[in-house]
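This report refers to the structure that appears directly beneath it.
Values quoted throughout were computed directly from the atomic coordinates according to the rules given, and no laboratory measurement underlies them. Being a predicted model, the structure only gives us computed values, none of them experimental. Because the Cβ atoms are built from the backbone with ideal geometry, glycine has one as well, and the counts that use them run over all protein chains shown.
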Amino acid sequence: MLIRVLQFKTEYRTGGRPPVDKVLIAPIGEDFERTQTWRRIEKIRPPADVSDQVRESATYIDMAAKWQVIGPAYEAWKTGQDLPETGVPLAAWSGVNAAQAEMLKNMGVRTVEEVASLGDGALDKLQMPNARKLPNLAKMWLEGEAASTKDAKIDDLEDRLRVMQEMLEERMEAHQTIPEDAPKRRGRPPKVKADEEEAA
């Protein structure tokens, strides 16, 4: 289940008890508006010191998956930064107009990746034409972006390799050039040269 991090807060308690950090989360999609819940960070952060058996359980895997979304946002909040946007913002995608993007945001959908993951229930709630086509359009766009990024990286690597090759060739040429005042080699001449002298 995809979730959206909405807000953090610290609750200060009486009786000398330590303060508690909480996060407001909601499932992305049709239940976004009505299923927003405050959870204690200590209860939803997956513990590090667990056995392999616990780590492979469905409960722990679900907890770890949710923490991948909540954790970076929590760290940003604790250090006074803006909550990070995970994915490509809807504003960068031409697949929806401003009004449609606003409608999606009201359901907690803020990135192209989240549009690509929308289920049937959420799509039924969208009052816009061709809503059911949105996930496939988003996937196709993301695949195109990934391909163009990959191509750019390949081009960059090829440019670097070309420069390194030129530098290597320059160095090899510099080492092969023997100055005229260099001392003569002592010992037997190379075999090829000796053969040429015998033939003469």
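Measure up K43/K78; K22/K139; K9/K66; K43/K105; K9/K125; K9/K105 against 24 Å on the Cα-Cα distance and list the ones that go over. Provide the component values of the computation, followed by the final result.
On the way: K43/K78 17 Å; K22/K139 33 Å; K9/K66 18 Å; K43/K105 28 Å; K9/K125 30 Å; K9/K105 22 Å.
K22/K139; K43/K105; K9/K125, as the Cα separations exceed 24 Å there.
For the residues S57, S51, S117, what sequence is obtained by ranking on other C-beta atoms within 10 Å, fewest first?
Details: S57 12, S51 9, S117 17.
Going from sparsest to densest Cβ surroundings: S51, S57, S117.
Exposure proxy check: Y60, Y74 ranked by fewest other beta carbons within 10 Å?
The fewest-first ordering by Cβ neighbours comes to Y60, Y74.
Just to be sure I follow: if Rg is taken over the C-alpha atoms of the stretch 1-84 and Rh is the Kirkwood radius over the same atoms, what is Rg/Rh?
On the way: Rg = 14.1 Å, Rh = 14.1 Å.
When Rh is taken as the Kirkwood radius, the ratio is 1.00.
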